[in-house]
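**Q** Take a look at this one; I'll ask things after.
The values are calculated or read from the model by the stated rules, or taken from the named source; none is laboratory data. Here the structure is a predicted model, which is why all the values come from computation and not from measurement. Cβ atoms come from the backbone with ideal geometry, glycine included; neighbour counts cover every protein chain shown.
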(Lines give C-alpha, C1' and ligand atoms only; values in the text may rest on other atoms or scores of the structure.)
Protein backbone atom coordinates (compact mmCIF):
# COMPACT_ATOMS: atom_id res chain seq x y z
CA UNK A 1 0.00 0.00 0.00
CA UNK A 2 1.33 3.43 -0.88
CA UNK A 3 0.76 6.69 0.94
CA UNK A 4 1.43 10.30 0.09
CA UNK A 5 3.24 12.05 2.93
CA UNK A 6 3.55 15.83 3.26
CA UNK A 7 6.94 16.80 4.72
CA UNK A 8 7.35 20.06 6.67
CA UNK A 9 10.15 22.40 5.70
CA UNK A 10 12.40 21.57 8.73
CA UNK A 11 12.56 17.94 7.55
CA UNK A 12 12.95 18.42 3.82
CA UNK A 13 16.75 18.33 4.01
CA UNK A 14 16.35 14.59 4.57
CA UNK A 15 14.25 14.20 1.40
CA UNK A 16 16.27 16.19 -1.12
CA UNK A 17 13.95 19.13 -0.54
CA UNK A 18 10.75 17.28 -1.47
CA UNK A 19 7.54 18.66 0.05
CA UNK A 20 5.61 15.49 -0.69
CA UNK A 21 6.86 11.95 -1.04
CA UNK A 22 5.28 8.56 -1.56
CA UNK A 23 6.04 5.75 0.86
CA UNK A 24 5.16 2.10 0.29
CA UNK A 25 4.18 0.00 3.32
CA UNK A 26 4.41 -3.79 3.13
CA UNK A 27 1.90 -4.88 5.82
CA UNK A 28 -1.65 -5.42 4.66
CA UNK A 29 -2.92 -3.27 7.54
CA UNK A 30 -0.20 -0.70 7.94
CA UNK A 31 0.10 1.56 10.94
CA UNK A 32 1.53 5.04 11.31
CA UNK A 33 4.62 3.37 12.83
CA UNK A 34 5.02 1.25 9.68
CA UNK A 35 4.81 4.37 7.57
CA UNK A 36 7.49 6.12 9.65
CA UNK A 37 9.69 3.01 9.38
CA UNK A 38 9.29 3.17 5.61
CA UNK A 39 10.12 6.84 5.71
CA UNK A 40 13.30 6.07 7.65
CA UNK A 41 14.32 3.38 5.17
CA UNK A 42 13.94 5.79 2.29
CA UNK A 43 15.41 8.80 4.09
CA UNK A 44 17.75 7.72 6.92
CA UNK A 45 17.83 9.94 9.98
CA UNK A 46 14.40 11.50 9.54
CA UNK A 47 12.51 9.32 12.01
CA UNK A 48 14.62 10.24 15.05
CA UNK A 49 13.77 13.86 14.51
CA UNK A 50 10.06 13.00 14.49
CA UNK A 51 9.95 10.29 17.16
CA UNK A 52 12.02 10.13 20.32
CA UNK A 53 13.95 7.02 21.33
CA UNK A 54 10.89 5.71 23.17
CA UNK A 55 8.86 5.78 19.97
CA UNK A 56 6.73 8.79 20.90
CA UNK A 57 6.09 11.76 18.66
CA UNK A 58 8.22 14.71 19.72
CA UNK A 59 6.29 17.49 21.47
CA UNK A 60 6.23 19.96 18.60
CA UNK A 61 5.53 17.45 15.85
CA UNK A 62 1.97 16.73 14.74
CA UNK A 63 0.82 14.07 12.31
CA UNK A 64 -2.49 14.31 10.49
CA UNK A 65 -4.03 11.23 8.91
CA UNK A 66 -6.39 12.75 6.42
CA UNK A 67 -7.80 15.60 8.53
CA UNK A 68 -7.40 14.02 11.95
CA UNK A 69 -4.52 14.53 14.36
CA UNK A 70 -2.94 11.25 15.40
CA UNK A 71 -0.28 10.80 18.10
CA UNK A 72 -0.47 7.03 18.39
CA UNK A 73 2.02 5.31 16.12
CA UNK A 74 -0.01 2.08 16.40
CA UNK A 75 -2.96 3.76 14.66
CA UNK A 76 -4.04 2.10 11.42
CA UNK A 77 -3.70 3.90 8.13
CA UNK A 78 -6.84 3.72 5.98
CA UNK A 79 -6.32 2.84 2.32
CA UNK A 80 -5.36 5.92 0.29
CA UNK A 81 -4.93 8.00 3.44
CA UNK A 82 -3.01 11.23 3.06
CA UNK A 83 -0.51 11.82 5.82
CA UNK A 84 0.74 15.26 6.76
CA UNK A 85 3.67 15.77 9.15
CA UNK A 86 3.67 19.22 10.71
CA UNK A 87 6.40 20.87 12.73
CA UNK A 88 4.29 23.19 14.84
CA UNK A 89 5.52 26.76 14.83
CA UNK A 90 6.32 27.79 18.36
CA UNK A 91 8.99 29.40 20.43
CA UNK A 92 11.24 32.28 19.51
CA UNK B 1 43.96 7.14 44.32
CA UNK B 2 47.66 6.29 43.89
CA UNK B 3 48.44 8.80 41.25
CA UNK B 4 51.67 10.79 41.28
CA UNK B 5 51.19 14.50 41.31
CA UNK B 6 52.57 16.00 38.13
CA UNK B 7 55.01 18.87 38.31
CA UNK B 8 53.56 22.24 37.57
CA UNK B 9 54.46 23.69 34.18
CA UNK B 10 57.87 25.32 34.15
CA UNK B 11 56.90 28.23 31.95
CA UNK B 12 58.54 26.76 28.86
CA UNK B 13 57.79 28.92 25.84
CA UNK B 14 55.43 27.50 23.25
CA UNK B 15 55.74 27.83 19.49
CA UNK B 16 53.72 30.86 18.48
CA UNK B 17 50.58 29.77 16.62
CA UNK B 18 50.14 31.28 13.14
CA UNK B 19 46.38 31.65 13.45
CA UNK B 20 43.43 31.23 15.73
CA UNK B 21 39.80 30.44 15.13
CA UNK B 22 36.80 30.63 17.40
CA UNK B 23 33.84 28.27 17.04
CA UNK B 24 30.81 30.20 18.22
CA UNK B 25 27.79 28.06 19.06
CA UNK B 26 24.58 30.03 19.41
CA UNK B 27 20.88 29.62 19.88
CA UNK B 28 20.41 30.10 16.13
CA UNK B 29 23.42 28.45 14.52
CA UNK B 30 27.19 28.22 14.34
CA UNK B 31 29.58 31.04 13.41
CA UNK B 32 33.38 31.26 13.27
CA UNK B 33 35.82 34.09 13.87
CA UNK B 34 39.29 33.73 12.39
CA UNK B 35 42.50 35.70 12.81
CA UNK B 36 46.20 35.46 12.04
CA UNK B 37 49.11 35.27 14.45
CA UNK B 38 48.83 38.98 15.32
CA UNK B 39 45.23 38.57 16.55
CA UNK B 40 44.43 42.21 15.66
CA UNK B 41 41.75 41.67 13.04
CA UNK B 42 39.10 39.00 12.94
CA UNK B 43 36.88 37.77 10.15
CA UNK B 44 33.41 36.53 10.92
CA UNK B 45 31.96 33.66 8.87
CA UNK B 46 28.64 31.85 9.02
CA UNK B 47 26.04 30.97 9.87
CA UNK B 48 26.02 27.23 9.54
CA UNK B 49 22.99 25.28 10.76
CA UNK B 50 20.93 28.46 10.72
CA UNK B 51 17.91 28.04 12.98
CA UNK B 52 19.44 25.16 14.91
CA UNK B 53 20.21 25.53 18.58
CA UNK B 54 23.91 24.67 18.71
CA UNK B 55 24.94 23.98 22.29
CA UNK B 56 28.58 23.16 21.63
CA UNK B 57 31.02 22.75 18.76
CA UNK B 58 34.42 21.21 19.20
CA UNK B 59 37.53 20.38 17.18
CA UNK B 60 39.28 17.03 17.50
CA UNK B 61 42.82 18.02 18.50
CA UNK B 62 44.07 14.56 17.51
CA UNK B 63 43.55 15.08 13.79
CA UNK B 64 43.03 18.84 13.63
CA UNK B 65 40.20 18.56 11.10
CA UNK B 66 37.23 16.73 12.62
CA UNK B 67 34.58 18.98 14.09
CA UNK B 68 31.46 17.96 15.96
CA UNK B 69 28.46 20.20 16.63
CA UNK B 70 25.66 19.33 19.03
CA UNK B 71 22.41 20.68 17.59
CA UNK B 72 18.67 20.58 17.75
CA UNK B 73 15.87 22.81 16.59
CA UNK B 74 12.87 23.95 18.55
CA UNK B 75 10.75 21.30 16.83
CA UNK B 76 12.98 18.39 15.94
CA UNK B 77 14.94 15.93 17.99
CA UNK B 78 18.56 16.42 19.05
CA UNK B 79 21.42 15.35 16.87
CA UNK B 80 25.15 15.69 16.27
CA UNK B 81 26.66 16.99 13.04
CA UNK B 82 30.16 15.96 11.94
CA UNK B 83 32.70 17.51 9.65
CA UNK B 84 35.94 15.83 8.63
CA UNK B 85 37.19 18.78 6.60
CA UNK B 86 37.36 21.47 9.27
CA UNK B 87 33.81 22.69 8.80
CA UNK B 88 33.56 22.92 5.00
CA UNK B 89 31.00 20.13 4.81
CA UNK B 90 28.89 18.46 7.47
CA UNK B 91 27.06 15.17 7.81
CA UNK B 92 24.61 14.15 10.49
CA UNK B 93 25.52 11.35 12.90
CA UNK B 94 23.98 8.04 11.89
CA UNK B 95 23.04 7.25 15.49
CA UNK B 96 22.94 10.41 17.63
CA UNK B 97 23.03 10.14 21.43
CA UNK B 98 19.79 8.50 22.59
CA UNK B 99 18.70 6.36 25.51
CA UNK B 100 17.84 2.70 25.12
CA UNK B 101 14.30 2.01 23.94
CA UNK B 102 12.22 0.95 26.92
CA UNK B 103 14.24 3.00 29.39
CA UNK B 104 11.60 5.70 29.37
CA UNK B 105 14.25 8.41 29.11
CA UNK B 106 14.53 10.86 26.23
CA UNK B 107 17.53 13.01 25.32
CA UNK B 108 16.42 16.62 25.08
CA UNK B 109 19.74 17.95 23.83
CA UNK B 110 23.40 17.13 23.73
CA UNK B 111 25.09 19.79 25.79
CA UNK B 112 28.81 18.99 25.99
CA UNK B 113 31.34 17.36 23.64
CA UNK B 114 34.77 16.11 24.69
CA UNK B 115 37.33 14.41 22.43
CA UNK B 116 38.73 11.21 23.93
CA UNK B 117 42.28 10.38 24.92
CA UNK B 118 45.12 10.85 22.44
CA UNK B 119 45.69 7.08 22.45
CA UNK B 120 42.07 6.47 21.36
CA UNK B 121 41.52 8.21 18.03
CA UNK B 122 37.87 8.43 17.09
CA UNK B 123 36.64 8.26 20.67
CA UNK B 124 34.41 11.12 21.80
CA UNK B 125 32.23 11.67 24.85
CA UNK B 126 28.99 13.61 25.04
CA UNK B 127 27.05 14.91 28.01
CA UNK B 128 23.34 15.46 27.62
CA UNK B 129 20.26 16.94 29.19
CA UNK B 130 18.80 15.14 31.06
CA UNK B 131 22.07 14.01 32.57
CA UNK B 132 23.67 11.10 30.78
CA UNK B 133 27.03 10.17 29.31
CA UNK B 134 27.44 8.88 25.76
CA UNK B 135 30.46 7.61 23.87
CA UNK B 136 31.34 7.33 20.20
CA UNK B 137 34.16 5.12 18.93
CA UNK B 138 33.97 6.25 15.33
CA UNK B 139 34.50 9.97 15.36
CA UNK B 140 30.97 10.90 16.33
CA UNK B 141 29.04 8.92 13.69
CA UNK B 142 27.45 6.48 16.14
CA UNK B 143 26.84 6.99 19.86
CA UNK B 144 26.04 4.61 22.69
CA UNK B 145 25.20 5.29 26.30
CA UNK B 146 27.97 4.66 28.82
CA UNK B 147 26.21 2.03 30.90
CA UNK B 148 28.64 2.40 33.79
CA UNK B 149 27.20 5.84 34.40
CA UNK B 150 23.72 5.86 32.83
CA UNK B 151 22.73 2.57 34.46
CA UNK B 152 24.70 3.03 37.67
CA UNK B 153 22.58 1.91 40.67
CA UNK B 154 23.17 5.33 42.26
CA UNK B 155 22.47 7.44 39.15
CA UNK B 156 18.95 8.45 40.15
CA UNK B 157 20.14 9.48 43.58
CA UNK B 158 23.03 11.45 42.08
CA UNK B 159 20.97 13.23 39.42
CA UNK B 160 17.55 13.57 40.98
CA UNK B 161 14.66 13.36 38.53
CA UNK B 162 14.94 14.40 34.92
CA UNK B 163 12.71 17.36 35.78
CA UNK B 164 15.21 18.64 38.35
CA UNK B 165 18.15 20.84 37.56
CA UNK B 166 18.83 24.12 35.84
CA UNK B 167 16.09 26.20 34.18
CA UNK B 168 17.12 24.92 30.74
CA UNK B 169 17.21 21.30 31.91
CA UNK B 170 19.63 19.29 34.05
CA UNK B 171 22.98 18.90 32.37
CA UNK B 172 25.99 16.61 32.33
CA UNK B 173 29.07 18.67 31.47
CA UNK B 174 32.79 19.15 32.08
CA UNK B 175 33.77 15.69 30.84
CA UNK B 176 37.52 15.53 31.46
CA UNK B 177 39.84 12.77 30.26
CA UNK B 178 43.20 12.61 32.05
CA UNK B 179 45.85 13.12 29.34
CA UNK B 180 48.10 10.62 31.19
CA UNK B 181 45.53 7.84 31.46
CA UNK B 182 42.54 7.21 29.19
CA UNK B 183 40.77 5.28 31.94
CA UNK B 184 40.84 8.21 34.36
CA UNK B 185 37.91 10.57 33.84
CA UNK B 186 35.83 13.19 35.59
CA UNK B 187 32.38 14.50 34.84
CA UNK B 188 30.15 17.04 36.51
CA UNK B 189 26.44 17.62 36.64
CA UNK B 190 24.14 20.54 37.25
CA UNK B 191 22.94 19.37 39.51
CA UNK B 192 24.51 16.25 40.96
CA UNK B 193 28.13 17.15 41.60
CA UNK B 194 31.49 16.01 40.31
CA UNK B 195 32.31 12.33 39.81
CA UNK B 196 35.46 10.37 39.03
CA UNK B 197 36.05 7.12 37.16
CA UNK B 198 39.30 5.16 37.25
CA UNK B 199 38.19 2.47 34.81
CA UNK B 200 37.14 4.26 31.66
CA UNK B 201 33.61 4.94 32.83
CA UNK B 202 32.67 1.47 34.10
CA UNK B 203 32.19 2.85 37.60
CA UNK B 204 31.99 6.32 39.17
CA UNK B 205 32.46 7.81 42.61
CA UNK B 206 31.36 11.20 43.94
CA UNK B 207 34.16 13.73 44.46
CA UNK B 208 32.56 16.65 46.23
CA UNK B 209 34.08 16.93 49.70
CA UNK B 210 34.59 20.54 50.66
CA UNK B 211 32.23 21.90 48.00
CA UNK B 212 29.37 23.96 49.38
CA UNK B 213 25.72 23.21 48.61
CA UNK B 214 23.98 26.08 50.36
CA UNK B 215 20.68 25.29 48.63
CA UNK B 216 20.40 21.91 50.38
CA UNK B 217 19.03 21.35 53.89
CA UNK B 218 22.19 19.45 54.71
CA UNK B 219 25.04 21.34 53.04
CA UNK B 220 27.65 18.67 53.86
CA UNK B 221 26.64 16.18 51.18
CA UNK B 222 28.39 13.43 49.31
CA UNK B 223 26.62 14.48 46.08
CA UNK B 224 23.83 16.76 44.90
CA UNK B 225 26.06 19.81 44.37
CA UNK B 226 25.88 22.20 41.45
CA UNK B 227 29.23 22.55 39.70
CA UNK B 228 28.82 24.98 36.80
CA UNK B 229 32.16 24.28 35.15
CA UNK B 230 35.18 22.14 36.04
CA UNK B 231 38.48 22.25 34.14
CA UNK B 232 42.00 20.84 34.36
CA UNK B 233 44.76 23.32 35.12
CA UNK B 234 47.20 23.82 32.27
CA UNK B 235 49.68 20.98 32.04
CA UNK B 236 48.63 19.61 35.40
CA UNK B 237 45.69 17.19 35.35
CA UNK B 238 46.14 16.72 39.09
CA UNK B 239 44.74 20.21 39.59
CA UNK B 240 41.05 20.91 38.97
CA UNK B 241 39.40 24.32 39.07
CA UNK B 242 35.67 24.57 39.67
CA UNK B 243 33.14 27.36 39.27
CA UNK B 244 30.21 26.22 41.36
CA UNK B 245 26.74 27.56 42.10
CA UNK B 246 28.00 28.19 45.62
CA UNK B 247 31.55 29.36 45.09
CA UNK B 248 34.98 28.79 43.59
CA UNK B 249 37.01 25.70 44.39
CA UNK B 250 40.32 24.01 43.58
CA UNK B 251 41.30 20.39 44.03
CA UNK B 252 44.91 19.18 43.99
CA UNK B 253 45.00 15.40 43.67
CA UNK B 254 45.59 13.03 45.27
CA UNK B 255 43.64 15.12 47.80
CA UNK B 256 39.91 14.46 47.74
CA UNK B 257 38.78 17.63 49.49
CA UNK B 258 38.19 20.75 47.40
CA UNK B 259 39.65 24.00 48.70
CA UNK B 260 37.53 27.15 48.72
CA UNK B 261 39.27 29.75 46.53
CA UNK B 262 36.45 32.28 46.45
CA UNK B 263 37.49 34.18 49.56
CA UNK B 264 39.57 36.64 47.56
CA UNK B 265 36.63 37.87 45.51
CA UNK B 266 35.10 41.24 46.43
CA UNK B 267 31.93 40.78 48.46
CA UNK B 268 30.07 43.24 46.22
CA UNK B 269 30.68 40.96 43.24
CA UNK B 270 30.52 37.57 44.88
CA UNK B 271 31.72 34.26 43.55
CA UNK B 272 28.83 33.08 41.39
CA UNK B 273 29.30 32.57 37.67
CA UNK B 274 29.26 29.98 34.94
CA UNK B 275 32.67 29.66 33.23
CA UNK B 276 36.01 28.59 34.65
CA UNK B 277 38.90 29.04 32.24
CA UNK B 278 42.45 28.00 33.16
CA UNK B 279 45.41 29.57 31.40
CA UNK B 280 46.77 27.38 28.58
CA UNK B 281 50.33 27.29 30.00
CA UNK B 282 50.24 28.34 33.65
CA UNK B 283 48.57 26.10 36.21
CA UNK B 284 48.24 28.96 38.71
CA UNK B 285 46.29 31.23 36.37
CA UNK B 286 42.58 31.08 35.57
CA UNK B 287 39.71 33.38 34.66
CA UNK B 288 36.11 33.56 35.78
CA UNK B 289 33.24 35.84 34.75
CA UNK B 290 31.04 36.59 37.77
CA UNK B 291 27.32 37.10 37.57
CA UNK B 292 24.67 38.26 40.00
CA UNK B 293 23.60 35.33 42.16
CA UNK B 294 21.73 37.34 44.76
CA UNK B 295 18.03 37.56 45.48
CA UNK B 296 16.20 35.82 42.61
CA UNK B 297 19.44 35.08 40.74
CA UNK B 298 19.27 37.62 37.90
CA UNK B 299 22.25 35.87 36.26
CA UNK B 300 23.62 39.05 34.69
CA UNK B 301 26.81 41.01 35.28
CA UNK B 302 26.65 42.41 38.83
CA UNK B 303 25.32 45.96 38.68
CA UNK B 304 25.33 45.86 34.88
CA UNK B 305 29.13 46.29 34.97
CA UNK B 306 30.70 43.23 33.35
CA UNK B 307 34.22 42.16 34.27
CA UNK B 308 36.39 39.10 34.17
CA UNK B 309 38.44 38.19 37.22
CA UNK B 310 41.84 36.56 36.97
CA UNK B 311 43.94 34.72 39.51
CA UNK B 312 47.67 34.28 39.12
CA UNK B 313 48.16 32.35 42.36
CA UNK B 314 45.83 29.40 42.14
CA UNK B 315 42.84 31.29 43.48
CA UNK B 316 44.27 33.03 46.54
CA UNK B 317 43.64 36.42 44.97
CA UNK B 318 41.54 37.65 42.07
CA UNK B 319 42.02 40.78 39.98
CA UNK B 320 39.22 42.63 38.16
CA UNK B 321 39.78 42.95 34.38
CA UNK B 322 37.29 45.26 32.69
CA UNK B 323 39.28 47.68 30.49
CA UNK B 324 37.39 48.09 27.22
CA UNK B 325 34.20 46.46 28.49
CA UNK B 326 31.02 48.54 28.97
CA UNK B 327 31.29 50.54 32.19
CA UNK B 328 27.58 50.47 32.94
CA UNK B 329 24.16 49.27 31.75
CA UNK B 330 25.41 46.01 30.27
CA UNK B 331 23.09 43.29 31.43
CA UNK B 332 24.38 40.13 29.87
CA UNK B 333 25.64 36.79 31.03
CA UNK B 334 28.52 34.57 29.95
CA UNK B 335 27.47 30.94 29.99
CA UNK B 336 29.63 28.07 31.20
CA UNK B 337 30.98 27.05 27.77
CA UNK B 338 31.12 30.58 26.41
CA UNK B 339 34.57 31.59 27.68
CA UNK B 340 37.84 30.13 26.50
CA UNK B 341 41.53 30.74 25.81
CA UNK B 342 43.73 30.18 22.79
CA UNK B 343 47.13 28.50 22.86
CA UNK B 344 49.37 31.55 22.46
CA UNK B 345 52.16 32.19 24.96
CA UNK B 346 50.39 35.41 25.95
CA UNK B 347 46.99 33.80 26.14
CA UNK B 348 44.11 35.22 24.19
CA UNK B 349 40.97 35.14 26.29
CA UNK B 350 37.54 35.18 24.65
CA UNK B 351 33.97 35.16 25.78
CA UNK B 352 30.53 35.33 24.19
CA UNK B 353 27.50 36.92 25.74
CA UNK B 354 23.84 36.10 25.96
CA UNK B 355 23.28 39.28 23.91
CA UNK B 356 25.37 37.98 21.02
CA UNK B 357 28.68 39.80 21.40
CA UNK B 358 32.09 38.19 21.25
CA UNK B 359 34.80 39.90 23.27
CA UNK B 360 38.49 39.10 23.13
CA UNK B 361 41.72 40.01 24.84
CA UNK B 362 45.18 39.31 23.44
CA UNK B 363 46.94 40.46 26.59
CA UNK B 364 45.58 37.95 29.08
CA UNK B 365 42.55 39.98 30.00
CA UNK B 366 44.21 43.36 30.65
CA UNK B 367 42.12 44.93 27.89
CA UNK B 368 39.12 43.76 25.91
CA UNK B 369 37.84 44.45 22.43
CA UNK B 370 34.48 43.55 20.88
CA UNK B 371 35.22 41.14 18.03
CA UNK B 372 31.65 40.59 16.85
CA UNK B 373 28.19 41.85 17.74
CA UNK B 374 24.56 41.19 16.90
CA UNK B 375 24.92 37.42 16.89
CA UNK B 376 22.25 35.30 18.59
CA UNK B 377 22.47 34.31 22.24
CA UNK B 378 25.89 32.61 22.57
CA UNK B 379 26.05 29.21 24.25
CA UNK B 380 29.66 28.17 23.67
CA UNK B 381 32.99 29.39 22.33
CA UNK B 382 35.99 27.22 21.63
CA UNK B 383 39.35 28.50 20.40
CA UNK B 384 40.87 26.05 17.90
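**Q** Kindly list, by first and then second residue, each pair from a residue in region A:70-88 that is within 14 Å of chain B (Cβ to nearest Cβ) and free of Cβ contacts under 8 Å to residues at least 24 places away in the same chain to a residue that is buried (at least 17 other Cβ atoms within 10 Å of the Cβ) and assigned to a loop (DSSP other than H, G, I, E, B), limited to pairs with Cβ atoms under 9 Å and residues at least 6 apart or on different chains.
**A** none
**Q** Can you find a residue that is farther than 22 Å from residue B:91 by Cβ and either surrounded by 19 or more Cβ atoms within 10 Å (Cβ to Cβ) or within 13 Å of another protein chain (Cβ to nearest Cβ) (or both) anywhere in region A:39-51? Break it down into steps so the answer makes sense when it comes.
**A** Just the residues of region A:39-51 that are farther than 22 Å from residue B:91 by Cβ, to begin with: none.
No, region A:39-51 has no match at all.
**Q** Can you tell me which residue within region B:38-49, out of those that are outside any strand (DSSP E or B) and crowded, with 17+ Cβ neighbours inside 10 Å, is farthest from the other protein chains (Cβ to nearest Cβ)?
**A** B:39
**Q** Right, something else. Taking region B:122-139 as the region of interest, how many residues are away from chain A (no Cβ under 14 Å) and under 22 Å from residue B:169 (Cβ atoms)?
**A** Qualifying residue count for the region: 8.
**Q** For residue B:50, state whether it is closer than 30 Å to residue A:60 by Cα, touching a helix residue (DSSP H, G or I) at 6+ places or on another chain (Cβ under 6 Å) and without any contact (Cβ under 8 Å) to a residue 40 or more places away in the chain.
**A** Criteria not met by residue B:50.
**Q** May I ask you to list the residues in region B:237-269 that are more than 17 Å from residue B:222 (Cβ to Cβ), crowded, with 19+ Cβ neighbours inside 10 Å and modelled with pLDDT under 95?
**A** B:269
This table checks each residue for (1) at positive phi; (2) part of a loop (DSSP other than H, G, I, E, B).
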| position | (1), (2) |
| --- | --- |
| B:243 | no, no |
| B:266 | no, yes |
| B:270 | yes, yes |
| B:283 | no, yes |
| B:298 | no, yes |
| B:303 | yes, no |
| B:306 | no, yes |
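**Q** May I ask you to list the residues in region B:290-313 that are under 15 Å from residue B:278 (Cβ atoms) and buried (at least 19 other Cβ atoms within 10 Å of the Cβ)?
**A** Hits for region B:290-313 are B:308, B:309, B:310, B:311.
**Q** Still on this structure, please answer the following. Quick one: how many residues across region B:131-146 are in a loop (DSSP other than H, G, I, E, B) and in contact with a helix residue (DSSP H, G or I) (Cβ under 7 Å, 6 or more places away or on another chain)?
**A** Count: 1.
**Q** Which condition breaks for residue A:26 when tested against (1) more than 14 Å from every other protein chain (Cβ to nearest Cβ); (2) in a loop (DSSP other than H, G, I, E, B); (3) surrounded by 13 or more Cβ atoms within 10 Å (Cβ to Cβ)?
**A** It fails just one condition, (3).
**Q** So, one more: Is region B:109-121 home to any residue that is outside any loop (DSSP other than H, G, I, E, B) and within 14 Å of another protein chain (Cβ to nearest Cβ)?
**A** Yes, region B:109-121 contains at least one residue that is outside any loop (DSSP other than H, G, I, E, B) and within 14 Å of another protein chain (Cβ to nearest Cβ).
**Q** Give me a count of the residues in region B:50-91 that are surrounded by 20 or more Cβ atoms within 10 Å (Cβ to Cβ) and within 14 Å of another protein chain (Cβ to nearest Cβ).
**A** 12
**Q** I'd like to verify a number: residues in region A:62-74 that are assigned to a loop (DSSP other than H, G, I, E, B) and exposed (fewer than 15 other Cβ atoms within 10 Å of the Cβ), how many?
**A** 5
**Q** Another question, if that's okay. With the requirement that a residue be touching a strand residue (DSSP E or B) at 6+ places or on another chain (Cβ under 8 Å), facing chain B (nearest Cβ under 9 Å), surrounded by fewer than 21 Cβ atoms within 10 Å (Cβ to Cβ) and in contact (Cβ under 8 Å) with a residue 12 or more places away in the chain, what does region A:52-61 give you?
**A** Result: A:60, single match.
**Q** Go through region B:147-179 and give me each residue that's in a loop (DSSP other than H, G, I, E, B) and more than 20 Å from the chain's Cα centre (by Cα).
**A** Filtering region B:147-179 for residues in a loop (DSSP other than H, G, I, E, B) gives B:151-154, B:160-170, B:178-179.
Scanning region B:147-179 gives B:151, B:152, B:153, B:154, B:160, B:161, B:162, B:163, B:164.
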